[in-house]
Amino acid sequence: MTVTEADIVELDRVAVREAVRVVDLAQGEDWERDTPCAGWTLRRLVAHMAAQHHGFAAAARGAGREAVHWREPDDMSEPAHVHRAAAVEVLGAFGEPGVQEREFALPELGGSFPGRMAIGFHFMDYVVHAWDVAATLGARVELPDEVLDAALAVARLVPTDPARRGPGFAFAPVVEGPAGAGPLEEALRLLGRAPEQWPTRT
């Protein structure tokens, strides 16, 4: 299945629900663990995830240029609850009729994009962020092959120019790895993750 043949809204829904599941695994001191996102604890990563959900939901409804929608929540005393509520919001926005035909303003990416493409960005992000959270906890992500294949197809479209990767950009430089890696590992490496540094513990 290619991304152009797929229902991107449904793919995104699966990825977001898996991200909710793995965030809900975290307890107590887990929130202060380091994550694959350099310099971020799990609490900070989940704050970012919630902010992105709110921002994309606003973009789907024509308000993406308003910076207030992209701000991280002030109260992260209950991160899983905050994240779950944000996920409900974005899935509701993406489920509205005609959403794929709308223009999404995405300031962090420098402009506006067709709805289908914008939802594709969000989808890829949440496959990767689901893994980020699971890796922090030593857990596994549980996503079907068609979701992982689609995420890899989107990841391959992200520019790999080193001048557009690293601090201040959305993605770290590509991490080289062995040939024949599975779709999740290849997508992670394309987006600057090193899976071997985060072994599964549970």
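The values are calculated or read from the model by the stated rules, or taken from the named source; none is laboratory data. Here the structure is a predicted model, which is why all the values come from computation and not from measurement. The protein model used for the area step is the full one, side chains on, heavy atoms only, and it has no ligands, DNA or RNA in it. Shrake-Rupley method; radii C 1.70, N 1.55, O 1.52, S 1.80 Å.
Data table
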quantity	calculated
Per residue accessible area in Å² of the chain, where ligands, DNA and RNA are left out and the probe is 1.4 Å	50
Accessible area (Å², 1.4 Å probe, nearest 10) - TRP198	60
Solvent-accessible surface ranking, highest first, for HIS54, HIS122, HIS48 at 1.4 angstrom	HIS54, HIS48, HIS122
Chain lengthening between ASP7 and ARG140 when straightened (0.36 nm per residue, less Cα-Cα)	45.4 nm
Top of VAL127, VAL175, VAL88 by mean-square fluctuation, Gaussian network on the chain, Cα under 10 Å	VAL175
Computed lengthening from ARG33 to GLU108, 0.36 nm per intervening residue step minus Cα-Cα distance	24.4 nm
For the range 5-40 versus the range 115-154, the gap between their alpha-carbon centres in whole angstrom	8
Rounded percent of accessible protein surface that carbon and sulfur make up, the chain, 1.4 Å probe	53
The range 23-148: relative contact order as a whole-number percent, Cα under 8 Å and 6+ apart	27
Helical segments meeting 24 Å axial Cα length and Kyte-Doolittle 0.5 threshold in the chain (DSSP H)	115-137
Most mobile of GLU66, GLU142, GLU108 in a GNM of the chain (Cα contacts under 10 Å)	GLU108
